[in-house]
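Each remark here refers to the structure printed beneath this line.
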Amino acid sequence: MELDRTLIKTELLLKGYSKLSQFYLEDELASVSTATAEMINKWYERNIEDSDYWNYTWEGHGRVLYRIHNLERNKHPSINELCSGQKLLKAVSEIYGDEVVPTAHALIIKLPRIGASVPWHRDPVNVPAGCVYNFSIFLDDSYPANGCLEMLPGSHWLPPEFPVDRDRSPEGCEAVVSKRGDISIHDVRIVHGSGPSTGDSMRRSIVIEFCPKWIVDARSRGLISQS
Ligand code: NI
């Protein structure tokens with residue numbers, strides 16, 4: 001797949017987010033799609049206690065699963081194949097123009113009608129803007145009714161101490177509507193959030209944080225603190 005690197009880099013620097021439309025084809029997503037649906041179903045059927053399955057209790061609905069953390073750690077081979085596949089890694093290194101390492105993997109889940117909103121925030125990663133990006137691989141279509149991502153363009157350049165109102169959509173924010181197979185990329189410093197899921201459709205995405213190797217090295221030498 002040919003990437004328009006100039007467009008992506010420009011959007012990432014100016015707006016703080018960009019998109020790779022229809023990056024994955026249907027047959028590339030089929031097994032991950034089935035595997036993640038089974039993980040969700042099994043967790044509900046067997047009432048699994050596992051600290052990687054992040055959930056909250058909602059009165060009248062019981063436990064609501066919203067995130068499966070450490071997704072790369074033996075959850076399912078198809079997930080590892082997708083997340084460490086050459087197709088993705090080639091695109092990522094082309095976009096960064098640098099050696100990168102994946103530093104976090106998670107499955108984000110919004111169940112139909114009971115998917116909670118995510119308050120407005122900046123990801124708690126201590127780096128300057130323009131360095132570290134989260135890649136969201138969409139396994140389902142994502143739009144306002146099922147709580148799609150929303151971003152405040154340009155806010156990745158705001159200083160770290162800029163106050164973010166967790167509960168109020170900032171003026172000028174934009175909904176990031178995505179299709180199954182798309183990848184959205186956002187700067188970890190951007191102000192972002194997402195609404196509740198009120199529709200009948202499931203919304204799953206695999207989020208991978210990619211970090212330039214020099215930052216990982218700088219952290220290990222104590223030149224940049226983790227948070
Ligand atoms: Ni976030």
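Figures for the structure shown
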{"read-out": "Overall dimensions of segment 45-120 by Cα: Rg and Dmax, Å", "value": "15.9, 49"}
{"read-out": "Computed [θ] at 222 nm, deg cm²/dmol, the chain (DSSP H ≥ 4; -39,500 (n - 2.57); rounded to nearest 500)", "value": "-7500 deg cm²/dmol"}
{"read-out": "Within-12-Å neighbourhood charge of PHE162 [Cβ basis; K, R +1; D, E -1]", "value": "0"}
{"read-out": "Reference-scaled alpha-carbon Rg (2.2 N^0.38 Å with N residues) for segment 66-190", "value": "1.11"}
{"read-out": "Exposure proxy ranking, count of Cβ atoms within 10 Å, fewest first, for THR36, THR103, THR6", "value": "THR6, THR103, THR36"}
{"read-out": "Cross-link pairs beyond the 24 Å C-alpha cut-off, checked among LYS42/LYS87; LYS110/LYS179; LYS42/LYS90", "value": "LYS42/LYS87; LYS42/LYS90"}
{"read-out": "Calculated over segment 145-201: convex hull of Cα atoms, volume per residue (Å³)", "value": "86 Å³"}
{"read-out": "Sequence ranges 37-43, 153-159, ranked by mean other-Cβ count within 10 angstrom, highest first", "value": "153-159, 37-43"}
{"read-out": "Value in Å of the Kirkwood radius, where the chain supplies the Cα pairs that are averaged", "value": "18.2 Å"}
{"read-out": "Cut-off 13 Å between beta-carbons: net charge of the residues surrounding ASN146, Lys and Arg +1, Asp and Glu -1", "value": "+2"}
{"read-out": "Separation of the SER51 and SER220 label points, Cα + 7 Å toward Cβ, nm", "value": "2.4 nm"}
{"read-out": "Alpha-carbon centroid distance for the pair segment 1-54 / segment 109-129, whole angstrom", "value": "14 Å"}
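Any read-out appearing in this document is the output of simple, stated calculations on the displayed coordinates, not a laboratory observation. Remember, predicted model here, so these are calculated numbers, not experimental data. Quick reminder, even Gly has a Cβ in these numbers, built from the backbone with ideal geometry, and neighbours come from all protein chains shown.
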